[in-house]
Amino acid sequence: MADALTRSMRASHVLAAVLVVAALIFAAVGAAIDDTFYLRLGTEALIFAGLALSVDILLGYTGLLSLGQALYFGLGAYLSALVLMVTPSFWAAMGATLIAAIVVGAIGGFIANRVRGVYFALITFGMAQIVAKIVYNTRALGASDGLIGVPVINVNFGIASISSASPVGFFLFTLAFIVVLYALAAYLLDTPFGRLLIALKANERRVPFLGYSTVTPRLTAYVIAAVIAALSGALYPMLRGFVSPELLFFSTSGNAVITAVTGGVGTLVGALYGGILLTVLKSVVGSYTEHHLIVIGLLFMGAVIFLPRGLMGIVRPAVERWLGGKVVP
Amino acid sequence: MMTAALEYFQFVLAPQMLIGLVLGVAVILVALGLTIIFGLLDVINMSHGEFYALGAFIALALASIGLPFWLLLLLVLLMMLPVGYIVERGLIQRVFHSGERHVTTLLLTFGLGLVMEDAFRLAFGPNPHKPATPIAGAIDVFGVFLPLYRLFLIAGGAVIVALVALVVYRTRLGAMVRAAAFDRHMAASLGVPVQHVYAGAFAFGVALAGLAGVLLAPIYSVFPTMGRDFILMAFTVVIVGGMGSIAGVIVAGLLLTQVQAISSLYISPVWSDPIVFGIMVIMLMVRPQGLFGRLGHG
């Protein structure tokens with residue numbers, strides 16, 4: 001008999017499948033009318049959804065609000081750009097990003113996990129600010145201009161290869177990549193380790209009484225989130241051909257938090273829907289007025305006040321009912 | 001040898017320290033509201049920088065209809081109080097009682113800050129406005145050329161900080177605030193109107209930020225994102241000083257701005273931000289409660 005968590009995650013998977021189908025239709029239409037702009041925008045939405053996914057792992061499962069996920073996103077983006085400028089190999093860029101994210105994530109996690117609650121939010125914020133300012137002032141990393149001229153690459157799978165210059169090809173690749181990240185996160189959170197994280201969120205003091213360490217799972221969750229953020233970020237220079245220090249700024253971290261909260265924390269799939277919702281909103285509202293931040297800010301405030309479980313807080317219980325079984329709120 | 005050291009102090013160190021002092025007073029004014037709000041309500045006010053900007057923009061609008069600067073100081077303070085009160089009762093109280101108060105209030109004020117910043121851009125345009133300096137002229141202090149207005153800012157800031165400390169530590173109102181910060185349930189059962197104290201403290205905190213906005217506008221100009229750069233420093237000061245501590249804000253505010261000012265003599269000033277944030281992170285690691293205890297706690 002599946003418990004409430006498994007059932008609700010099953011609903012998340014259904015919603016993720018719906019998203020994939022919708023994205024495939026979007027890609028087919030985009031390819032048919034030979035569109036570039038919207039496919040590129042959709043790809044960017046998916047990349048930032050990956051960043052929001054990492055925020056959700058920390059906030060929704062472990063109960064840690066990170067205001068500095070841009071640190072890892074930017075790390076991935078810069079490292080990937082640097083590697084690609086030396087050798088245009090997708091796997092080299094991803095491998096380097098993965099290793100760096102684990103190392104930096106472990107260091108960052110060690111520092112940040114010394115404190116709890118609001119201090120955790122501030123320490124992650126501070127760390128990201130330090131790195132952002134250092135990159136902003138380092139000539140070798142392009143300083144305020146960022147790194148431009150990242151070459152177009154071919155993602156080589158042995159049997160087939162996808163060019164990052166192809167709008168529909170790279171969109172589909174990014175979709176697959178983000179879905180794999182989602183599946184990986186969902187799998188990890190369904191293991192006993194994942195249950196331990198949820199227990200930590202619920203009551204950290206009682207967890208040691210059950211014989212578990214609280215330090216290791218917190219650090220592991222932090223590193224996993226760092227890796228997901230960095231791998232998402234590594235896709236950015238492949239899409240845009242450049243990286244800018246803005247990727248490291250607080251606005252990037254803040255947007256990821258807005259995305260995760262509006263989409264629905266603790267659902268994983270909410271981050272993906274949130275990413276798409278926010279990108280659509282930005283481009284739709286942005287076509288009428290340049291003041292889209294007012295709309296997004298109000299929407300976000302409304303979500304915090306009226307929908308603490310976000311968009312998925314309304315949608316997912318309905319899916320659960322449809323899947324059958326009692327819904328435990 | 002001795003004269004060389006003296007000359008170094010007079011011509012290199014002292015001017016830099018005076019510049020740091022002006023910035024220090026400015027940061028203290030902003031951080032003071034932040035720390036009171038945290039000390040009492042346990043709320044990290046992410047929109048504090050935007051309230052600082054709001055004060056400056058209100059002053060800008062009022063000055064355009066010809067009101068004198070000195071009247072503006074009072075008017076902005078009076079206008080910000082109801083704004084802060086309404087924000088606390090209307091918005092913050094809605095999420096205040098949820099289990100994850102820290103997170104929800106932080107997110108809510110973060111959203112509010114975004115909306116306010118864009119609203120300023122909508123109403124006043126993205127470009128900076130520079131109000132005229134209310135006190136013209138400059139004098140020599142230790143051979144340092146110092147505009148009179150900055151001198152006034154240091155003195156005025158010191159008076160404001162002293163008044164705030166006096167109210168918090170020496171009046172009945174301040175005792176109620178400290179009691180509510182120490183134990184809200186106990187304070188409430190002893191007849192302290194905790195709801196109003198909370199809303200009042202929030203209003204007072206953001207009004208202080210607004211006042212700082214008016215005072216600093218002639219030096220740093222007025223523009224929609226003016227709160228951003230400043231608030232980072234204010235947060236650092238609050239963390240290093242101890243969140244919710246008034247004495248901590250004063251000590252950390254003076255200390256950190258001096259570190260920033262003096263370090264920029266020896267290394268490029270662009271590195272002063274990473275240094276200050278580094279201090280913040282190290283402080284959070286080794287002593288997250290900060291240098292001093294919290295409001296109402298000892």
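Summary of values
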read-out	value
Loop chymotrypsin sites (Phe, Trp or Tyr not before Pro), the range B:66-152, which have at most 15 other Cβ atoms in a 10 Å radius of their Cβ (DSSP)	B:F142
Alpha-carbon spread of the range A:116-188, three principal axes, descending order, Å	47, 38, 19
Debye log10 I(q)/I(0) for the protein assembly as shown, one point scatterer per Cα, at q = 0.11, 0.12 Å⁻¹	-1.12, -1.30
The range B:192-241 versus the range A:49-106: alpha-carbon centroid distance in Å	34 Å
Assigned charges on the beta-carbon of Lys, Arg, Asp, Glu; the protein assembly as shown dipole about Cα centre (debye)	1380 debye
Estimated D of the range B:129-174 in µm² per second, where Rh is the Kirkwood radius over Cα pairs and Stokes-Einstein applies at 10 °C, 1.306 mPa s	125 µm²/s
Rh by Kirkwood over Cα pairs, then Stokes-Einstein D for the range A:193-256 at 1.567 mPa s and 4 °C, µm²/s	92 µm²/s
Trypsin sites (Lys or Arg not before Pro) restricted to DSSP loop in the range A:204-240 with at most 14 other C-beta within 10 Å	A:R205, A:R206
Backbone N within the range A:97-136 under 19 Å of label point (7 Å from B:S98 Cα along the Cβ vector)	A:117-122
Order of B:V144, B:V168 under a 10 Å beta carbon neighbour criterion, fewest first	B:V144, B:V168
Kirkwood Rh and Cα Rg combined as Rg over Rh, evaluated for the range A:46-96	1.10
Value at 222 nm in deg cm²/dmol, rounded to 500, when DSSP H runs of n ≥ 4 in chain B each add -39,500 (n - 2.57)	-24500 deg cm²/dmol
P(r) weight above 19 Å for the range B:11-147, C-alpha pairs, percent	63 percent
Estimated [θ] at 222 nm from DSSP helical runs (n ≥ 4, -39500 (n - 2.57)) normalised by residues in chain A, nearest 500	-24500 deg cm²/dmol
Separation of alpha-carbon centers, the range A:109-127 and the range B:78-92, rounded to whole Å	30 Å
Cα-only radius of gyration and Dmax that characterise the range A:1-138, units Å	18.4, 56
Cα convex hull volume per residue for chain B (Å³)	146 Å³
Integer Hz, Karplus 6.51/-1.76/1.60 couplings in order for the range A:75-89, x for Gly and Pro	4, x, 5, 5, 5, 4, 4, 5, 5, 5, 6, 8, 9, x, 10
Cβ-derived FRET efficiency at R0 30 Å, A:V29 paired with A:L184, nearest 0.05	0.55
Cα-based Rg of the range B:109-193 normalised by 2.2 N^0.38 Å, two decimals	1.77
Rg to Rh quotient for the range B:209-298, alpha carbon positions, Kirkwood Rh	1.00
Cβ charges +1 (Lys, Arg) and -1 (Asp, Glu), total dipole of the range B:1-143, debye	280 debye
Calculated diffusion of the range A:71-169, Stokes-Einstein form, Kirkwood radius summed over Cα pairs, 25 °C and 0.890 mPa s, µm²/s	160 µm²/s
Radius ratio Rg over Rh of the range B:122-257, counting only Cα atoms, Kirkwood formula for Rh	1.04
Residue-span extension gain [B:M186 to B:L173] - 0.36 nm each, minus C-alpha spacing	3.1 nm
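Since every read-out is calculated from the coordinates, none of them should be taken as a lab result. A quick note: this is a predicted structure, and the numbers were derived from the prediction, not measured. Neighbour counts run over all protein chains shown; Cβ positions are idealised from the backbone, glycine included.
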